[in-house]
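Contents: one structure, followed by commentary.
Readers should treat all values here as calculations from the given coordinates under stated rules, not as data from a laboratory. Not measured: the values here are computed from a predicted model. Cβ coordinates were reconstructed from backbone atoms using ideal geometry, including for glycine residues, and neighbour counts include every protein chain displayed.
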Amino acid sequence: MQAANLLVGNNPGDGALEITLAGPRLRFLSPGVIAITGADLSPTLDGEPLSMWVNCPVGRGSILAFGTPRSGCRSYLAVSGGWAVEPVLGSRSTYLRGQLGGFQGRALKEGDQLQFHPGKRIDQLGTRQLCPDAIPVYSRQVTVRAILGPQEDFFAKDAIETFFSKTYRVSALSDRMGYRLEGPRLNRQTDKEMISDATTLGAVQVPPDGQPIVLMADRQTTGGYPKIVTVITADVPLLAQAKMGDTVQFIPCDIPKAHSILRQQRDILRNGIVNGACHSVEVF
Amino acid sequence: MASQMDFMNDQSKNASLIPMGDSCWLVQFQQEISLDINRKVQALAEVLERAQPPWVREIVPTYCSLAVYYDPFQIEAYEVECYLWAEINLLNDAMMASSVIWEIPVLYGGEWGPDLVSLALRVGLKPEEVIAIHSHSTYHVYMLGFVPGFCYLGKVSPKIAVPRLDNPRKSVPAGSVGIAGLQTGIYPIAAPGGWQIIGRTPFGLYDPKREKAVFVKAGDGVRFKPIDLATYHMVSQKVKMGWQPTPIEGTKSNGNSGGHQGRFIDYGARPGALWTPSLRNARSRRHGHLFLASSKSSGRQ
């Protein structure tokens with residue numbers, strides 16, 4: 001999402017349309033410059049395949065459509081100038097359960113008209129793209145790094161070993177609130193009930209059935225299930241691109257390493273956006 | 001000097017700092033639901049709210065923990081850890097979170113409180129007695145969570161404490177007032193839930209369009225005032241027109257009855273009254289202690 005905004009000259013935190021698996025058809029009622037990043041949902045502009053991770057001018061009446069998902073789960077569409085949605089409680093995100101934020105607090109539907117602020121023209125921006133080696137690869141076997149805790153002491157020792165050595169499968173009951181995973185049962189070593197406390201993005205909570213749930217962007221703020229690990233901030237977007245049936249493998253990480261990965265990610269975003277074509281050759 | 005060290009040791013002994021991922025420290029006090037421990041959580045939250053360190057993204061106080069979310073681009077994890085330890089060790093009564101008391105009007109029973117009759121039967125009381133007991137105490141807001149603006153209030157008199165429903169409802173209407181064990185709470189928006197619903201308030205506890213979407217905060221006091229249908233409709237109408245509740249001031253609670261001896265909100269007198277931020281004064285703190293005394297004397301445990 002941040003990359004999409006940077007490609008069209010916006011602030012990285014501006015709003016972008018999140019498009020999950022089945023994309024909409026959009027007709028532009030005025031010209032603009034767009035960029036699509038994230039999942040490859042076979043975008044087309046007026047019937048022609050549209051390159052991702054690069055900005056592109058669209059004319060009045062142009063039709064943007066999406067087709068078969070090729071990789072990942074969620075695509076991000078940014079438009080130069082930014083989508084005209086007012087921040088609610090400091091965010092332009094849509095919170096469906098609270099019918100809050102974004103476009104009338106709901107998903108877009110046929111017939112909606114979405115405004116965007118006047119932005120820069122393509123001749124002002126120039127062609128911008130993210131260097132190919134900076135583009136994330138979304139695999140159907142996702143590997144994410146995680147920090148132990150905060151409630152790892154609720155679990156049997158072998159549960160922690162199991163968690164880090166086996167793979168889990170993304171269940172159909174997964175959404176922006178949480179990713180339910182299926183796999184080897186994680187046993188607790190105590191029957192004591194946890195007193196509800198705060199949750200965080202990427203926390204992996206385990207209900208009594210022993211099947212982990214990774215808490216995602218629309219998670220509840222507090223919860224009463226113990227959290228065995230917390231996925232590092234830098235790897236949450238990778239997991240958010242996983243879809244039903246994909247496998248997830250967790251690898252232990254520590255805080256200093258997580259922070260250095262996060263900084264690397266920021267540097268890629270800072271330096272990875274270049275004008276024109278990347279200078280590279282393909283060996284074949 | 002020795003006593004100061006004792007105090008520090010005392011605080012350190014009862015708290016621990018645990019990382020929750022790479023951008024949050026979880027301060028855990030003794031893991032039990034008690035007013036004293038919750039007040040420590042509130043006090044630490046108050047300290048951070050007053051200091052507003054630029055690296056703090058958000059703090060979430062709960063029953064006996066405080067989550068402190070920080071910006072890892074601005075500060076190292078160990079620096080946050082040191083800062084928090086210093087503040088934990090320096091916590092004292094003077095820093096206890098200031099609080100105000102809110103009076104929430106509730107229409108009990110009927111379609112607004114579908115579980116009132118069965119709850120009364122279960123505990124062997126008349127519905128009116130359940131209402132009297134429920135609206136008798138001033139409750140402490142232990143935490144906010146679950147959905148925007150949901151406040152966890154306690155503790156409910158054991159006389160009317162009932163467990164959650166076996167089968168949670170798919171949707172509980174906004175404003176519903178429920179009981180779950182020794183907790184009582186208000187559903188700010190329609191949400192699935194298993195609390196036993198005894199009434200409904202016309203107050204909009206959560207409104208994203210308002211300057212303060214949620215006006216009740218953790219550490220505040222909440223009382224319930226039984227109202228009739230006519231009042232319900234009147235307040236409901238006022239809320240729709242943008243009326244916002246103000247905390248009650250000058251409330252008195254004399255420890256043995258805990259009854260409503262203070263002023264009630266005058267629903268008619270303040271159309272469009274501005275919501276007033278918390279009363280950060282000694283008086284409200286004192287009331288905090290008074291209400292502590294009254295909840296202790298209400299026959300609990």
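Using the Cβ-Cβ distance between A:Cys131 and B:Ala132 with R0 = 60 Å, the FRET efficiency computed as 1/(1 + (r/R0)^6) comes to roughly 0.30.
Using C-alpha pairs below 8 Å separated by at least 6 residues, the relative contact order for chain A is 18 percent. Between A:Val274 and B:Gln237, the simple label model (points 7 Å from Cα in the Cβ direction) yields a spacing of 6.9 nm. Sequence-ordered 3J(HN,Hα) estimates for the range A:131-144 from the Karplus curve with 6.51, -1.76 and 1.60 and θ = phi - 60° stand at 3, x, 6, 9, 6, x, 9, 9, 9, 7, 10, 8, 10, 10 Hz, glycine and proline given as x.
Restricting attention to the range B:19-52, which GluC sites (Glu not before Pro) occupy a DSSP loop and are surrounded by at most 14 other Cβ atoms within 10 Å? Answer in residue order: B:Glu32. The length gained by stretching the chain between A:Met244 and A:Gln141 to full extension, at 0.36 nm per residue less their Cα-Cα distance, is 35.9 nm. Going 7 Å from the Cα of B:Arg164 along its beta-carbon direction, which residues of the range A:194-219 have the amide nitrogen within less than 15 Å of the resulting point? Zone members listed by number: A:194-197, A:206-209. Inter-chain Cβ neighbour count for B:21-33, averaged per residue, equals 6 (cutoff 10 Å, partner chain atoms only).
When the square roots of the Cα gyration tensor eigenvalues are ordered a ≥ b ≥ c, the ratio a/c for the protein assembly as shown is 1.5 or more and a/b exceeds b/c, which makes its shape prolate. For A:Val33, the amide hydrogen comes within under 5 Å of the amide hydrogens of A:Val58, A:Ser80, counting only partners 5 or more places away or on other chains and with H modelled in the peptide plane. Under 5 Å from the amide H of A:Arg128 lie the amide H atoms of A:Asn55, A:Gly276, each residue being 5 or more positions distant or on a separate chain, with H modelled from the backbone and absent for Pro and chain starts. Averaged over the residues of A:221-228, the number of partner chain Cβ atoms lying within 10 Å of the residue Cβ comes to 4.
About its Cα centre, the dipole of the range A:2-130 is roughly 120 debye, where the only charges are +1 on Lys and Arg Cβ and -1 on Asp and Glu Cβ.
Counting only alpha carbon atoms, the long axis of helix A:255-271 and the longest principal axis of chain A meet at about 10°. Shape class of the range A:1-133 from the alpha-carbon gyration tensor: rounded, with the ratio a/c of largest to smallest axis under 1.5.
For chymotrypsin sites (Phe, Trp or Tyr not before Pro), the sites in the range B:30-137 that DSSP calls loop and that have at most 11 other Cβ atoms within 10 Å are B:Phe73. Compared with the direct C-alpha span, the chain from B:Asn14 to B:Arg122 gains 35.0 nm at full extension, assuming 0.36 nm per residue. Pairs of Lys residues in the range A:141-269 that lie 8 or more places apart, or on two chains, and have C-alpha atoms under 23 angstrom apart add up to 9. With Cα atoms defining each centre, the range A:231-254 and the range B:77-136 are spaced 38 Å apart in the structure. Around the amide H of B:Gln183, modelled in the peptide plane, lie the amide H atoms of B:Val156, all under 5 Å away and 5 or more residues distant in sequence or on another chain.
Each Lys and Arg adds +1 at its Cβ and each Asp and Glu adds -1 at its Cβ; summed about the Cα centre, chain A shows a dipole of about 280 debye.
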